[in-house]
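Accompanying notes for the structure given below.
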Amino acid sequence: MWFFMNTCYGLSLFTLVLLLIGLAQSFVHFPVFKAGHLTFMLLTSIVYLLTETLIIFFFVGTGVSIKEYTQTHQLSPEYHRRSLAIKYRVYPPLLLNILLMMIVFVLVGAADTHRLPVGVYQLIFMGTLIHFLKTKITVHRSFRDNTRIILDMAGIK
């Protein structure tokens, strides 16, 4: 679990760096590994989706493990309810951010072909990036609360 959670943190940081580079590329056109903005954003979208999918699976996996552990050891179902509450708190902003990022990743093509003004694309990108940061705060709190559930089940204070 710890390795999985730390991998999510590492990939989230890597995604943030890629997004910031991609945003900078939209203002100042510079290549990264010989990739222009459009190609670099394609790589960023792949890393972003991998990261967010991994975070979703983390909460799904730990939720199932908590439910099975409480049933096997005849513990209070309160642990599982707390786990569900975390999912209800983290999934809406996480899924909204995935939707917003997908819109940004599609609009990069529209801006590249001049079907959308670059300024509009950049504003949407910046707004989505702010939402991404707020979502990461929610995910961090959810990781912390999820860890607390597991430590409570183990009797560790």
task: Select from the range 56-93 the residues that are basic (Lys, Arg) and touching a residue at least 24 places away in the same chain (Cβ under 8 Å) and write down the one among them that is nearest to Ile149 (Cα to Cα).
output: Arg82
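This table checks each residue for (1) farther than 30 Å from Phe143 by Cβ; (2) not in a helix (DSSP H, G or I).
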| residue | (1), (2) |
| --- | --- |
| Met5 | no, no |
| Leu11 | no, no |
| Thr15 | no, no |
| Leu19 | no, no |
| Gln25 | yes, no |
| Phe30 | yes, yes |
| Phe40 | no, no |
| Leu43 | no, no |
| Val47 | no, no |
message: If I go through the range 22-55 residue by residue, how many of them are under 13 Å from the mean Cα position of the chain (by Cα), surrounded by 15 or more Cβ atoms within 10 Å (Cβ to Cβ) and within 19 Å of Leu107 (Cα to Cα)?
response: 5
query: For Glu52, are the conditions met, namely being among the charged types (D, E, K, R), in a helix (DSSP H, G or I), modelled with pLDDT of 95 or more and more than 18 Å from Asp145 (Cβ to Cβ)?
result: yes
- prompt: Got a sec? Which of Lys136, Lys87 is under 23 Å from Thr44 (Cα atoms) and either over 24 Å from the mean Cα position of the chain (by Cα) or of a type in the set (Lys, Arg) (or both)?
  reply: Lys136
- prompt: So, of the residues in the range 134-157 that are within 13 Å of Ile66 (Cβ to Cβ) and aliphatic (A, V, I, L, M), which turns out to be surrounded by the fewest Cβ atoms within 10 Å (Cβ to Cβ)?
  reply: Ala154
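The values are calculated or read from the model by the stated rules, or taken from the named source; none is laboratory data. For clarity, every value in this text was computed on a predicted model and none was experimentally measured. Note that we place each Cβ from the backbone using ideal geometry, even for glycine, and neighbour counts take in every protein chain shown.
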